[in-house]
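The values are calculated or read from the model by the stated rules, or taken from the named source; none is laboratory data. Computed from a prediction, not measured in an experiment: that's the story for all the values here. Here the Cβ is made from the backbone with ideal geometry for all residues, glycine too, and neighbour counts use every protein chain on show. SASA here: full protein model, heavy atoms, side chains in, ligands and nucleic acids out. Shrake-Rupley method; radii C 1.70, N 1.55, O 1.52, S 1.80 Å.
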Amino acid sequence: MTTATVVKDIEKALQSLGVQRENKGSSTGSQWFAGGDMITSYSPVDGEAIGSVQMTTREDYEKVVETAEKAFKKWRSVTAPQRGEIVRQFAESLRKNKEALGTLVSYEMGKSYQEGLGEVQEMIDICDFAVGLSRQLHGLTMHSERPGHRMYEQYHPLGIVGIISAFNFPVAVWSWNTALAWVCGDVCIWKPSEKTPLTAVACQNLIAEVLKDNDMPEGISCLITGDYKVGEMMTHDSRVPLVSATGSIRMGKIVAQAVAARLGKSLLELGGNNAIIVTPDADMKMTVIGAVFGAVGTCGQRCTSTRRLIIHESVYDEVKNSLVDAYKQLRIGNPLDENNHVGPLIDKDAVEKYQAALKKVVEEGGKLLVEGGVLEGEGYESGCYVKPAIAEAENHFEIVQEETFAPILYLMKYSGDVENAIDIQNGVKQGLSSAIMTTNLRESERFLSYAGSDCGIANVNIGTSGAEIGGAFGGEKETGGGRESGSDAWKIYMRRQTNTINYSDELPLAQGIKFDL
Ligand code: UN1
């Protein structure tokens, strides 16, 4: 595919999604406010400026929050199944715009077109899930210790949900939060990554149309844009009871402290350092495909990307050689060209971090098996294309302990029982995703037991990335402890209330306390 065709497709995508070359950056739905400085979004695909968005000022932010507060009063009175119906219509709009939005995600973020489509599919899936949920949102009932009493708990809408999302899943992570928050009766304010503001403008246009068609007020879906300073307006704002933040551990610690200082709630989805354990009983074909997709998919920029392979010494050379061979087949280039497996990193900063990590692993005593390097020349003009690399390393290396958002896979050996591999796997400060490749039931069950993986996600015979929306998504330790997406993750978007009702003609006190007048 030539550059010219890509540009043409982008034009079409931008047009059909209502994204301009110059955009206002603060919105309460159909209304947009002019703001401060412009942020330009450059595509890592070809280095071109795609368009720009005006940063939210403090004044704009105030307008947004005031409108959201008003909208909440109306939205919470719309019944949950009706709110679900609106989310259903949003899913329909996403289905219609899947190719356009997938293309823009691919071009603005750099992930492959297939993964761009997959990301929009993930949005559709969570909306479908939320529609069903809108007829549930159930609490428990329990038996009272007092005669003629009934107890139950119910969930009420919380208010404004602030969403801070990262560049790597520029649209899906927003929808995980919004689809649930909306059926729960909350209104949302979204601050997308300043690296991918245009996909956010596109999403805002799609949902604004749906809300307008349903005569809903401004303020149910709001957008603010800018750097961390704009995010800080929300984290410090007690009118925002829940802040859901996805990004680095460093960012998460700052958000968590700011929100905790005002006793707000935060939902954190931070870094991972995900490993696949390969035991002597692993299916080799699955292992290689799972490890390669996990390590190089999204150019290693998923929080679930596979960073470490912990391989039993008896199969170490076999796995190592198969991987080195498999890496030779990888095609790196324009992600909108479906012949390519790997697109660019997000920007030159990320390229520098990738280079620094490769240097550091060698300095610490590691050995490069697949060298990596930055690609130059035709098709690589943006300077963001790198070769996926493999290094032999030890778990205690400083660089291995860190999450580098790049396609670098560290191989390490274990000997003896699977417990030794689990110790290595758990021997990092992050706790998002993990996997074991084995056909041996005893090994897989030990990996899944209380003494097994300490991560929020633990898979058997699949890689570390590519979770489905039906399960709760998130991780332990420095990954932040939050859970988004499926299962009962919706509960964080609501406030729980316990109700005790006395239908007797006495007033007995709990715990048998006597109090007579
Ligand atoms: C992320 O990288 O922040 O499990 C989210 C996965 C995707 C979501 C990743 N469904 O890889």
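Size check on the range 1-86: the Cα extents along the three principal axes, sorted descending, read 52, 33, 18 Å.
Taking label points 7 Å from Cα along the Cα-to-Cβ direction, Asp283 and Glu22 give a separation of 5.7 nm. Compared with the alpha-carbon gap, the fully stretched path from Ala451 to Asp213 is longer by 80.4 nm at 0.36 nm per residue. Contact order, relative form, for the range 274-468: 30 percent (alpha carbon pairs under 8 Å, 6 or more residues apart, mean separation divided by residue count). Extension gain, Glu506 to Asp317: 0.36 nm times the residue separation minus the Cα-Cα distance gives 60.3 nm. With the helix formula -39500 (n - 2.57) applied to DSSP H stretches of n ≥ 4, the chain reaches a computed 222 nm mean residue ellipticity of -12000 deg cm²/dmol. For the range 274-468, the convex hull spanned by the alpha carbon atoms encloses 111 Å³ per residue. If you sort Phe72, Phe90 by accessible surface, 1.4 Å probe, largest first, the order is Phe72, Phe90. The Cα atoms of the range 208-261 cover 41, 20, 15 Å along the three principal axes, with the biggest extent listed first.
Given a Förster distance of 25 Å, report the FRET efficiency between His156 and Asp227 from their Cβ-Cβ distance, rounded to the nearest 0.05.
0.15
Peptides 219-230, 493-504 ranked from most to least packed give 219-230, 493-504, packing being the mean of other C-beta atoms within 10 angstrom over each peptide's residues. Rolling a 1.4 angstrom probe over the protein heavy atoms with all chains in place gives the chain an accessible area of 42 Å² per residue.
Just so you know, the Cα atoms of the range 318-396 work out to an Rg and Dmax of 13.5, 39 Å. Measuring nothing but protein heavy atoms, the accessible surface of the chain at 1.4 Å probe radius is 49 percent carbon and sulfur. If you take all C-alpha pairs in the range 362-433, what percent of them are over 14 Å apart? Above the 14 Å cut-off, the range 362-433 has 67 percent of its Cα pairs. Considering only beta bridges that DSSP places wholly inside the range 361-517, some 55 percent are antiparallel. What's log10 of I(q)/I(0) for the chain at q = 0.07, 0.11 Å⁻¹, Debye sum over Cα points only, no solvent? Ignoring solvent entirely, the Cα scatterers give -0.41, -0.94.
When the C-alpha to C-alpha distance is required to be over 31 Å, the pairs from Lys111/Lys367; Lys429/Lys491; Lys359/Lys477; Lys73/Lys111; Lys24/Lys111 that qualify are Lys73/Lys111.
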